[in-house]
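Q: Let me begin by handing over the structure; questions about it come next.
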Amino acid sequence: MADGRAPRKRKKKSHPVQDWLLYVAVRVLVVFLYLFDVETNLRFACFLGRLLWKHYHRGRQRALENLRASFPDKSEAWIWQTGRRSFEQVVMLTIDVLFTPRLVKKYNWREYSRYKNAEHAKWLMQERKGLLMVTGHYSNFEITGYLMGLFGFDLYSIARPLDNKYLNRFLYGVRERRGQKIIDKKGAAELMPQIAAQGSTLGFIADQDAGRKGVFVDFFGRRASTYKSIGLVALTYNLPIVVGYSRRVGDRFFFEIGVNRIIFPHEWADKDDPLQWVTSEYTKAIEAFVREDPSQYWWLHRRWKTRPKDERLREAEAVVSPGRDERDVRVVTVETSPAARSASGAAY
């Protein structure tokens with residue numbers, strides 16, 4: 001009888017020489033890109049995004065499936081157009097990250113950004129009583145943290161480090177150049193109490209699959225596993241949650257920075273399950289701004305990879321022959337659920 005535990009993933013073996021050579025190649029490429037203006041680079045990024053859409057079959061299929069499930073009323077032509085545009089946005093983000101420190105300064109930020117419903121969030125950050133800022137894999141989600149650091153706000157962003165330590169150090173340097181602080185995801189739990197106590201702002205990408213231990217909330221009509229950490233920090237320290245976005249305007253290096261929901265502690269005070277409510281509420285807010293322009297969301301990432309237990313049970317029972325008893329059903333559930341998960345794809 002299977003014990004129900006998936007085999008542990010082997011830790012990737014380090015290849016220092018290969019990593020260093022890749023790092024050098026990337027730095028040479030970056031120097032080449034800097035020979036051209038940002039708009040030329042963005043046009044080239046769009047071209048690469050279309051190539052990726054054409055040749056990355058598994059990613060394209062995943063994006064199409066996610067779009068069809070999320071927008072069942074849309075035509076197939078709209079689904080394909082939105083998916084292709086989404087791939088363009090993923091590649092364009094690379095150019096955005098590289099050019100942001102070179103272009104955006106304190107004296108010219110208005111040339112590259114505009115703001116919508118952001119005043120209240122700005123006042124909250126200026127009070128330095130602490131808050132959480134969440135967004136999703138949407139457009140240029142990196143520039144918001146850069147701008148907050150540029151304006152002098154005390155912001156810490158949670159991020160997963162790259163396996164290549166040389167590239168990771170380079171990209172962290174780019175992102176932290178104007179005051180934003182990056183915290184590795186693995187060590188964030190130990191630092192969160194201190195950061196919250198000192199009145200800083202914590203930034204999260206809040207639309208990642210959290211596995212079986214996550215909180216399942218509705219996202220585009222399907223339940224999605226969501227990390228508990230954001231809600232737990234908010235509940236523990238009574239911190240408001242600001243849900244915001246950065247949306248590209250046209251194909252330019254210009255962005256609308258907006259806030260579409262602020263969740264205050266008094267709102268969850270009378271809820272029976274405040275963690276579930278908070279997680280659901282900020283996820284709804286993320287869905288709301290994605291719906292305003294779905295083409296800028298990262299539809300290729302596996303937001304719905306982990307399915308709730310009841311769905312896994314129904315899936316397992318569907319393959320059980322009528323002659324088996326309830327004990328056999330439980331065995332099949334354990335043995336077949338990894339295959340079912342594999343059918344929906346591996347982790348992004």
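Q: Testing residue 301 on (1) within 21 Å of the chain's Cα centre (by Cα); (2) in the same structural domain as residue 100 (by TED's automatic domain parsing); (3) not charged (D, E, K, R), one condition comes back false. Which one is that?
A: Status for residue 301: all satisfied but (2).
Q: Does residue 250 meet the test of being at pLDDT below 95, assigned to a helix (DSSP H, G or I), assigned by TED's automatic domain parsing to the domain that holds residue 285 and not aliphatic (A, V, I, L, M)?
A: no
Q: Restricted to the range 205-227, and to residues that are part of a strand (DSSP E or B) and aromatic (Phe, Trp, Tyr), which residue is nearest to the chain's Cα centre (by Cα)?
A: 219
Q: If you don't mind, another one. Please work out which residue is surrounded by the most Cβ atoms within 10 Å (Cβ to Cβ), limiting yourself to the range 254-287 and to residues that are in contact with a strand residue (DSSP E or B) (Cβ under 6 Å, 6 or more places away or on another chain) and aliphatic (A, V, I, L, M).
A: Residue satisfying both the conditions and the ranking: 285.
The values are calculated or read from the model by the stated rules, or taken from the named source; none is laboratory data. A quick note: this is a predicted structure, and the numbers were derived from the prediction, not measured. So basically every Cβ, Gly included, is an ideal-geometry build from the backbone, and we count neighbours across all protein chains shown.
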